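Visitor: Dropping a structure here in structure tokens format, bear with me for questions.
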Amino acid sequence: MLPKKNAPSNLGALLNKKDTVIAILMIALIGFLWFETTEFEKVPDLFSNNIPPEMFPQILLIIILGMILIIPFEHIFLKKNGKNIDSGRDKPIERSTIGTMVILSTIVASSQILGAAITIIAISIALPIYWGEKRLKVLIPYIIGFPLFVIILFNIVLGVHFEPGLLALIKN
Amino acid sequence: MEDVAKGLGLLLEFENIVLILSGVLIGVLVGALPGLSSPMAIALLIPFTISLDPVAAISMMAALYCAGTFGGSITAILINAPGAPPAVATALDGYPMAKNGEPGRALGLAAVSSVFGGVFSLIIFIFAAPLLAQLALEFGPAEYFGLAVFALSMLASMSGKSSLRNLISGLVGVLIGTIGIHLTTGVERFTFGSPDLEEGIHFVPVLIGLFAVSELFKQSEKLNNVVERIQAKALKLPSLLELKKLKYTILRSSGIGTFIGILPAEGSTVAAIIGYNEARRWSKNKDQFGKGSPEGIVGPEAANNAAAGGAMVPTLALGIPGSGSTALILAALIMHGFRPGPYLISETPEFVYAIFGAMLIANLGFLFIGLIGAKFFSLVAFIPKKLLWPAVFIFSMIGSYSFASSMFDVWVMLAAGLVGYFMDRNGFSAAPLVMGLILGKLVEESFSQSMIIHDNNFFALLESPVVLLFFVLTFLSLSSPFWVKFFTKKAVSK
């Protein structure tokens, strides 16, 4: 009976939980991409010189899959070399990082409506304030000066096209 | 000689010199700012230099690359925070020397040894690159395939937590390179019906996302880190007597750095660490290491700058990048319509000599800039992160957008940033992915052509001794953790 009881904990020691999750996610992705390769348009052998378009991606997917299967067990080899794969991820992701991701994704999502100039100003305001910059003496010149510098440099001097967005509506 | 003169003629235009010096200035700045890096700056620069003349654009990036390596040592010495990974070993003795009241001397030793290492590797570059290119001209698709496989296998030994994860990153990069229309058959691959994906994923937004945006997410975790700074009024050049004492260390490290730089995928960081270890091993004053030893500064500095020059050899001669930064320079060359590799040197030697000249100017430029601006550069590390990183994101957005005036690219950049952040958290490095992405086309093209030539018989590839050699090297590279361990154990037991 004893070995049966010990079995799950032994397996638990062999597998790194986080890496197992990563491996499962990547295997699922590989499965999806493999399916996608089977949906590529079929080309006659003569036209494709016997190298069909799905051949190379499929070879890559097989090699990647083979490597991913080792990932959950890799921590054992790394530990022997004095490396800890969990060292960077033992703490949960900081709230400030998640907030930064959300803010930037929201700004990028709304940038087509806002237009380039307002987007630049929004980033210059939102990120420093979210990160806790409270010194108005520093913040106000930055919020005014930096976007102005960027617009002059890229739009006027370098000729990068900036979508007007909301500014066009205001003008009209 | 005629080609050298032509190259210098291309380079020595006022606009080009200004751009090279701007590249040096940006390089030293980003090198001095912890978190910012040369690959990130080059990635941000690519979209804005697309409209420039290729000589000017590539020279500017090459100058930035050289100067960025030196810039990292400024903060390593003055605040014990390497501005760039290659300066990690410099901090070990640079910071103690600065703490002992000699920050100017530490900076001077770092600058002079960096210049020496850089110029040494450029001399090797000027001889080795044409020779290597001459050799590579004999290569057919099979040999190129062998070379590309070897280069991919070298990704395993790039810095990072795990060789296996580096290889996976590299192969994922190659896989991303297959997105878009297949050149041979015209079939759409992994486009999911989106017209934006038909051309494939553009390099620029991926590079910016992986290097700049993911770093922004990482930096958002440590916004309130406070560092202690040592005042440096000026950079103090070492005396001739001191240089005489250090000449063997500088020479040895320059050789080590150049050799490591030439190896595909081995970067300046590895060179600097080996340079430091070798300086210590050969030193008569081993006990001084860690306490401000001059050899502990010149060893890694000569090596990391020499590696920067060395890495340009396979990049230009073979089209195989020697490091993350040179992978970006390679991407820029492709975007400017060049095919990096032996034909670049045989058909446009003047262009290669112009890049060589730009790197030479850059090496002398950062010594000059370091001499007059050490105090200023020691201050830039104190630009508040809360203001610096929003600016980096704005530059990233504009850079990604302006490349093809496409909002889709901005989304790609953001997605690459998020993926890069989670990759890094889980031990997957971004640099191998970028190198895989850039090498991807070469790998697939050479594989397909070889298969067609050899009638789909993979084993027929092994009939070529060069392919066989590359495959043996690939095997040795992939199995190196085992045999290095075996030989180390044997040496220890003796």
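The values are calculated or read from the model by the stated rules, or taken from the named source; none is laboratory data. Worth saying up front: this structure is predicted, and the values here are computed from it rather than measured. Here the Cβ positions follow ideal geometry from the backbone for every residue, glycine too, while neighbour counts run over all protein chains shown.
Visitor: Keeping to the range B:275-312, report how many residues are in a loop (DSSP other than H, G, I, E, B) and among the aliphatic types (A, V, I, L, M).
Guide: Count: 1.
Visitor: Out of (1) farther than 13 Å from B:LYS441 by Cα; (2) in contact with an Asp or Glu (Cβ under 7 Å, 6 or more places away or on another chain), the odd one out for B:GLY209 is which?
Guide: Looking at each condition in turn, B:GLY209 falls short on (2).
Visitor: Considering A:ILE64, A:ILE68, which residue is in contact (Cβ under 8 Å) with a residue 40 or more places away in the chain, of a type outside the set (Ser, Thr, Tyr) and within 8 Å of chain B (Cβ to nearest Cβ)?
Guide: Values: A:ILE64 fails: in contact (Cβ under 8 Å) with a residue 40 or more places away in the chain.
Testing whether each residue is in contact (Cβ under 8 Å) with a residue 40 or more places away in the chain, of a type outside the set (Ser, Thr, Tyr) and within 8 Å of chain B (Cβ to nearest Cβ) leaves just A:ILE68.
Visitor: From the set of residues in the range A:71-99 that are closer than 19 Å to B:TRP389 by Cβ and either loosely packed, with under 12 Cβ neighbours inside 10 Å or of a type in the set (A, V, I, L, M, F, W, C) (or both), which is nearest to the other protein chains (Cβ to nearest Cβ)? Can you show your working first?
Guide: So the first thing to find is which residues in the range A:71-99 are closer than 19 Å to B:TRP389 by Cβ, and the list is A:93-99.
Cutting the leftovers down to either loosely packed, with under 12 Cβ neighbours inside 10 Å or of a type in the set (A, V, I, L, M, F, W, C) (or both) gives us A:93, A:95, A:98.
Details: A:ILE93: 8, A:ARG95: 10, A:ILE98: 9 Å.
Taking the candidates together, the pick is A:ILE93.
Visitor: From the list A:VAL108, A:VAL102, which one is part of a helix (DSSP H, G or I), loosely packed, with under 15 Cβ neighbours inside 10 Å and not small (Gly, Ala, Ser)?
Guide: A:VAL102
Visitor: Another question, then. Could you go through the range A:1-17 and let me know if any residue there is at pLDDT below 95 and facing chain B (nearest Cβ under 8 Å).
Guide: Checked the range A:1-17: no residue is at pLDDT below 95 and facing chain B (nearest Cβ under 8 Å).
Visitor: Now a separate question. If only one of B:VAL149, B:VAL174, B:VAL206 is among the β-branched types (Val, Ile, Thr), more than 22 Å from B:SER37 (Cα to Cα), more than 10 Å from every other protein chain (Cβ to nearest Cβ) and in a helix (DSSP H, G or I), which one is it?
Guide: B:VAL149
Visitor: Tell me yes or no: at least one residue of the range B:390-399 is surrounded by 24 or more Cβ atoms within 10 Å (Cβ to Cβ), away from chain A (no Cβ under 14 Å) and in a helix (DSSP H, G or I).
Guide: no
Visitor: While we're here: How many residues, within the range A:41-60, are closer than 29 Å to B:SER153 by Cα and facing another protein chain (nearest Cβ under 7 Å)? Outline the logic, then answer.
Guide: Pass one, the range A:41-60, residues closer than 29 Å to B:SER153 by Cα: A:48-60.
From what is left, the residues that are facing another protein chain (nearest Cβ under 7 Å) are A:48-51, A:53, A:56-57, A:60.
Residues in the range A:41-60 being closer than 29 Å to B:SER153 by Cα and facing another protein chain (nearest Cβ under 7 Å): 8 in total.
Visitor: While we're looking at this one, here's another question. Look at the range A:82-100 and say how many of its residues are touching a helix residue (DSSP H, G or I) at 6+ places or on another chain (Cβ under 8 Å) and within 22 Å of A:ASN16 (Cβ to Cβ).
Guide: 6
Visitor: Of these, B:LEU78, B:LEU33, which one is in contact (Cβ under 8 Å) with a residue 24 or more places away in the chain and either under 30 Å from B:SER405 (Cβ atoms) or of a type in the set (D, E, K, R) (or both)?
Guide: B:LEU33
Results for (1) touching a Gly at 6+ places or on another chain (Cβ under 6 Å); (2) in the same structural domain as A:ASN16 (by TED's automatic domain parsing); (3) of a type in the set (A, V, I, L, M, F, W, C); (4) under 15 Å from B:TYR421 (Cβ atoms), shown as yes or no for each residue.
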residue	(1), (2), (3), (4)
A:ASP86	no, no, no, no
A:ASP90	no, no, no, no
A:VAL102	no, no, yes, yes
A:THR106	no, no, no, no
A:SER110	no, no, no, no
A:GLY115	yes, no, no, no
A:ILE120	no, no, yes, no
A:LEU127	no, no, yes, no
A:TRP131	no, no, yes, no
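Visitor: Do you know which residues across the range B:313-354 are outside any helix (DSSP H, G or I), at negative phi and either touching a residue at least 60 places away in the same chain (Cβ under 8 Å) or buried (at least 24 other Cβ atoms within 10 Å of the Cβ) (or both)?
Guide: Across the range B:313-354, the qualifying residues are B:LEU318, B:ILE320, B:PRO321, B:GLY322, B:SER323, B:HIS336, B:PHE338, B:PRO340.
Visitor: Might you check whether a residue that is more than 10 Å from chain A (Cβ to nearest Cβ), under 30 Å from B:GLU463 (Cα atoms) and buried (at least 24 other Cβ atoms within 10 Å of the Cβ) occurs anywhere in the range B:355-378? Break it down stepwise before answering.
Guide: So the first thing to find is which residues in the range B:355-378 are more than 10 Å from chain A (Cβ to nearest Cβ), and the list is B:355-378.
This time we only want the ones that are under 30 Å from B:GLU463 (Cα atoms), so: none.
Scanning the range B:355-378 turns up no residue that is more than 10 Å from chain A (Cβ to nearest Cβ), under 30 Å from B:GLU463 (Cα atoms) and buried (at least 24 other Cβ atoms within 10 Å of the Cβ).
Yes or no, residue by residue, for (1) at pLDDT 85 or above; (2) in contact with a Pro (Cβ under 9 Å, 6 or more places away or on another chain):
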position	(1), (2)
B:LEU237	no, no
B:GLU242	yes, yes
B:LEU251	yes, no
B:GLY255	yes, no
B:ALA265	no, yes
B:SER268	no, yes
B:ASN305	yes, yes
B:PRO314	no, yes
B:GLY324	no, yes
